[in-house]
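J.: Have a look at this one before I ask anything.
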Amino acid sequence: MKSENLLPDISDLALKMEEKELGKSGIKVTEIGLGTWQYRGGIEPLKVGIELGATLVDTAEIYGTEDTVGKALQAVGRQKVFLATKVSAQHLRYQDVLKACENSLKRLNTDTIDLYQVHWANPSVPIEDTMRAMSELRDKGKIRFIGVSNFSVEQTQEARASLRKGEIVCNQVEYNLSERSIEKDLMPYCAEQGITIMAYSPLARGHSLGGNKNVLDEIASKYKKTRAQVILNWVTSHENTIAIPKSDSVEHTKENVGASGWRLSGEDIEKINEAY
């Protein structure tokens, strides 16, 4: 199936991009964002994705892509983008968090990070120290919202309890057809507590494009979409879940954006669930 033959005009894509509330923040973000882990595409795919309406861009200090994201933001206009990045597990002590944030701000060439996330929990650092620094950064206007990444239910609870005010709005975790373990505990907990799940590797780095191809191809044909678009739509079919696929090319970025603006039926979601 040739994805380029299924891509609508840019104006149509931009108009159809769906948004979801980020946690309980009252702020809405696009349900399909732009991930940059192992990203090597330069600024053009990011620019195109943002122009198509995928205005959530996620990076991290350990990705080595903050400079590239910063250049893309300058090209399209910082005000158009909801910017997310992460502090590494090695920088979670109070002073280290503050320093890491300043360094990220410089690389991103911006004054404010919209969503600052703890990349991984570090059992050797009290979460209270980390959250104290995160709260200070928020109070100073360096960041707007606080999130976590790769946190279990227990770790998320500890992080929330350590915040003196405000909320954890997001937990960024791997979620795709090949990795569904969060469905047991973490996803229900986050849904109940009003915490957004940000799914990274939603296409399982391409592996989810395999599997039970007959089911995916049947559904893709029904909706006149690509296999990747069906998978991304399945990921975001959960009410509190958004996805940040990575694409190094303009073509695949357009394809990913086209996963929003429509919805799989409950019957087709169940078919995919049974097949995987």
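J.: Has segment 16-36 got any residue that is at pLDDT below 95, of a type in the set (Lys, Arg) and more than 17 Å from Ala72 (Cα to Cα)?
T.: yes
J.: Which count do you get for residues in segment 93-111 that are closer than 19 Å to Tyr63 by Cα and surrounded by fewer than 17 Cβ atoms within 10 Å (Cβ to Cβ)?
T.: Going through segment 93-111, the residues closer than 19 Å to Tyr63 by Cα turn out to be 96-110.
Now restrict to residues that are surrounded by fewer than 17 Cβ atoms within 10 Å (Cβ to Cβ): 99, 102-103, 106, 109.
Total satisfying the criteria: 5.
J.: Separate question: Hey, among the residues in segment 219-276 that are of a type in the set (Gly, Ala, Ser) and more than 18 Å from Tyr200 (Cα to Cα), which one's surrounded by the fewest Cβ atoms within 10 Å (Cβ to Cβ)? Reasoning before the result, please.
T.: Taking segment 219-276 and keeping what is of a type in the set (Gly, Ala, Ser), we get 220-221, 228, 237, 243, 247, 249, 258-261, 265-266, 275.
Then keep just the ones that are more than 18 Å from Tyr200 (Cα to Cα); that gives 220-221, 261, 265-266, 275.
Details: Ala220: 20, Ser221: 12, Gly261: 18, Ser265: 12, Gly266: 9, Ala275: 15.
Among residues in segment 219-276 that are of a type in the set (Gly, Ala, Ser) and more than 18 Å from Tyr200 (Cα to Cα), the one surrounded by the fewest Cβ atoms within 10 Å (Cβ to Cβ) is Gly266.
J.: Next up: Identify the residue in segment 157-171 that is in a helix (DSSP H, G or I) and among the polar types (S, T, N, Q) and, among all such residues, is surrounded by the most Cβ atoms within 10 Å (Cβ to Cβ). Full working, then the answer.
T.: Filtering segment 157-171 down to residues in a helix (DSSP H, G or I) leaves 157-162.
Those left that are additionally among the polar types (S, T, N, Q): 157, 162.
On the way: Gln157: 14, Ser162: 17.
Step by step, filter segment 157-171, then rank; the result is Ser162.
For every residue, the table says whether it meets (1) within 17 Å of the chain's Cα centre (by Cα); (2) among the hydroxyl-bearing types (Ser, Thr, Tyr); (3) over 30 Å from Glu51 (Cα atoms).
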| position | (1), (2), (3) |
| --- | --- |
| Lys184 | no, no, yes |
| Lys213 | no, no, yes |
| Arg227 | no, no, no |
| Asn233 | yes, no, no |
| Ser237 | yes, yes, no |
| Ser249 | no, yes, no |
| His252 | yes, no, no |
| Lys271 | no, no, yes |
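J.: Tyr116 fails exactly one of the following numbered conditions: (1) surrounded by fewer than 24 Cβ atoms within 10 Å (Cβ to Cβ); (2) touching a helix residue (DSSP H, G or I) at 6+ places or on another chain (Cβ under 7 Å). What is the number of that condition?
T.: It is condition (1) that Tyr116 fails.
J.: What is the number of the single condition among (1) in contact with a helix residue (DSSP H, G or I) (Cβ under 8 Å, 6 or more places away or on another chain); (2) outside any loop (DSSP other than H, G, I, E, B) that Glu270 does not meet?
T.: Of the numbered conditions (1) in contact with a helix residue (DSSP H, G or I) (Cβ under 8 Å, 6 or more places away or on another chain); (2) outside any loop (DSSP other than H, G, I, E, B), the odd one out for Glu270 is (1).
J.: Follow-up. For segment 199-220, how many residues are on the phi > 0 side of the Ramachandran plot and at pLDDT below 95?
T.: Keep residues of segment 199-220 that are on the phi > 0 side of the Ramachandran plot, which gives 201, 204-206, 211.
Next, from what is left, pick out any that are at pLDDT below 95: 204-206, 211.
Selection size over segment 199-220: 4.
J.: Can you name the residue in segment 180-193 that is touching a helix residue (DSSP H, G or I) at 6+ places or on another chain (Cβ under 7 Å) and not hydrophobic (A, V, I, L, M, F, W, C) and, of all such residues, is surrounded by the most Cβ atoms within 10 Å (Cβ to Cβ)?
T.: So in segment 180-193, the residues touching a helix residue (DSSP H, G or I) at 6+ places or on another chain (Cβ under 7 Å) come out as 185-186, 189.
Keeping just the survivors that are not hydrophobic (A, V, I, L, M, F, W, C) gives 185, 189.
On the way: Asp185: 12, Tyr189: 17.
Applying the filter and picking the extreme gives Tyr189.
J.: Is it fair to say Tyr223 is modelled with pLDDT of 95 or more, within 24 Å of Thr85 (Cα to Cα) and among the aromatic types (Phe, Trp, Tyr)? Walk me through it before giving the result.
T.: Values: modelled with pLDDT of 95 or more: yes; within 24 Å of Thr85 (Cα to Cα): no; among the aromatic types (Phe, Trp, Tyr): yes.
No; evaluated as a whole, the condition is false for this residue.
J.: Given segment 55-156, what strands (runs of 3 or more DSSP E) lie entirely inside it while holding 1 or more residues that are of a type in the set (Phe, Trp, Tyr)?
T.: On the way: elements: 56-58, 82-87, 113-118, 143-149.
The strands (runs of 3 or more DSSP E) meeting that bar are 82-87, 113-118, 143-149.
J.: Something else now. Return a yes/no flag: does segment 121-142 have any residue that is within 25 Å of Lys80 (Cα to Cα) and touching an Asp or Glu at 6+ places or on another chain (Cβ under 6 Å).
T.: No - not one qualifying residue is present in segment 121-142.
J.: Consider Val81 carefully, then state whether it is surrounded by fewer than 24 Cβ atoms within 10 Å (Cβ to Cβ) and among the aliphatic types (A, V, I, L, M). If you could, list the steps in order and put the result at the bottom.
T.: Working: surrounded by fewer than 24 Cβ atoms within 10 Å (Cβ to Cβ): yes; among the aliphatic types (A, V, I, L, M): yes.
Judged against the criteria, Val81 is a match.
J.: For segment 127-147, does any single residue satisfy the condition of being surrounded by 18 or more Cβ atoms within 10 Å (Cβ to Cβ) and touching a Lys or Arg at 6+ places or on another chain (Cβ under 6 Å)?
T.: No, segment 127-147 contains no residue that is surrounded by 18 or more Cβ atoms within 10 Å (Cβ to Cβ) and touching a Lys or Arg at 6+ places or on another chain (Cβ under 6 Å).
The values are calculated or read from the model by the stated rules, or taken from the named source; none is laboratory data. Please read all numbers here as calculations on a predicted model, not as lab measurements. Counting neighbours? That spans all protein chains shown, and the Cβs are built from the backbone with ideal geometry, glycine included.
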